[in-house]
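The values are calculated or read from the model by the stated rules, or taken from the named source; none is laboratory data. As the structure is a prediction and not an experimental result, all values here were calculated from the model. As a convention, Cβ positions derive from the backbone with ideal geometry for all residues, glycine included, and neighbour counts pool all protein chains shown.
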């Protein structure tokens, strides 16, 4: 009994025997891909958390906004890669179980091929060493950050980039001193010019002068 037949028998997808249909093999391939996706998702969560920490650290140390942006872009790219691939595999599984396999065989085979390529990309992303290089202050580290940034920008949609910018803005707000919003607004004042009365005071002075002029005119 070959590998595929043995695996299918263990999973209850086929009976012992030499015959393995294309449908059975596709079902098994899809299940194996989804299982691997779940494993990668758990391992990548460590990377995703570290990238967010790096973004926060970069904002605190010398306001390294560009470095924080790169970390958040890489995080968003990895999240979307996981999400899109998992959704695609789920769709293919539903197709296989609800539609005559011969009608969608080419679609499923193409989806499996794409899924394998994405799994290779995800495997390449699972390196803490690569993530830590984003904090490298050397010339080589800065060049590496620039290359990563250019690559990520070319792969991300405008909506994903917008989400990254919004996340960066939120991190910047969180990094500010914890002063109530109302108090911050009260502290915002226009700079005063020496020797110049505020606009409101000037109006009061004008009104008082006009009243005095009226009284003088009446008494005359």
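Name the pairs: first residue in segment 150-164 and closer than 14 Å to residue 79 by Cα, second residue at pLDDT 90 or above and surrounded by fewer than 16 Cβ atoms within 10 Å (Cβ to Cβ), Cβ to Cβ under 6 Å, at least 6 apart or on different chains?
So the pair list comes out empty.
Being surrounded by 14 or more Cβ atoms within 10 Å (Cβ to Cβ) and either assigned to a helix (DSSP H, G or I) or touching a helix residue (DSSP H, G or I) at 6+ places or on another chain (Cβ under 7 Å) (or both): is that true of residue 45 here?
Considered against the rule, which asks whether it is surrounded by 14 or more Cβ atoms within 10 Å (Cβ to Cβ) and either assigned to a helix (DSSP H, G or I) or touching a helix residue (DSSP H, G or I) at 6+ places or on another chain (Cβ under 7 Å) (or both), residue 45 comes out as no.
Regarding segment 116-138, can at least one residue be identified that is closer than 20 Å to residue 166 by Cα and surrounded by 13 or more Cβ atoms within 10 Å (Cβ to Cβ)?
no
Residues checked against (1) at pLDDT 85 or above; (2) assigned to a helix (DSSP H, G or I); (3) more than 30 Å from residue 74 (Cα to Cα); (4) in contact with a strand residue (DSSP E or B) (Cβ under 8 Å, 6 or more places away or on another chain):
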{"site": "1", "(1), (2), (3), (4)": "no, no, yes, no"}
{"site": "5", "(1), (2), (3), (4)": "no, yes, yes, no"}
{"site": "16", "(1), (2), (3), (4)": "no, no, yes, no"}
{"site": "23", "(1), (2), (3), (4)": "no, yes, yes, no"}
{"site": "27", "(1), (2), (3), (4)": "no, yes, yes, no"}
{"site": "37", "(1), (2), (3), (4)": "no, yes, no, no"}
{"site": "49", "(1), (2), (3), (4)": "yes, yes, no, no"}
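Does at least one position in segment 60-67 carry a residue that is in a helix (DSSP H, G or I) and at pLDDT 85 or above?
Within segment 60-67 (the criterion being in a helix (DSSP H, G or I) and at pLDDT 85 or above), the answer is yes, since at least one residue qualifies.
Yes or no: segment 75-97 includes at least one residue that is modelled with pLDDT under 85 and not in a helix (DSSP H, G or I).
Within segment 75-97 (the criterion being modelled with pLDDT under 85 and not in a helix (DSSP H, G or I)), the answer is no, since none of the residues qualifies.
Could you list, in sequence order, the residues of segment 152-171 that are touching a helix residue (DSSP H, G or I) at 6+ places or on another chain (Cβ under 9 Å), assigned to a helix (DSSP H, G or I) and either farther than 16 Å from residue 58 by Cα or at pLDDT below 85 (or both)?
152, 153, 155, 160, 161, 163
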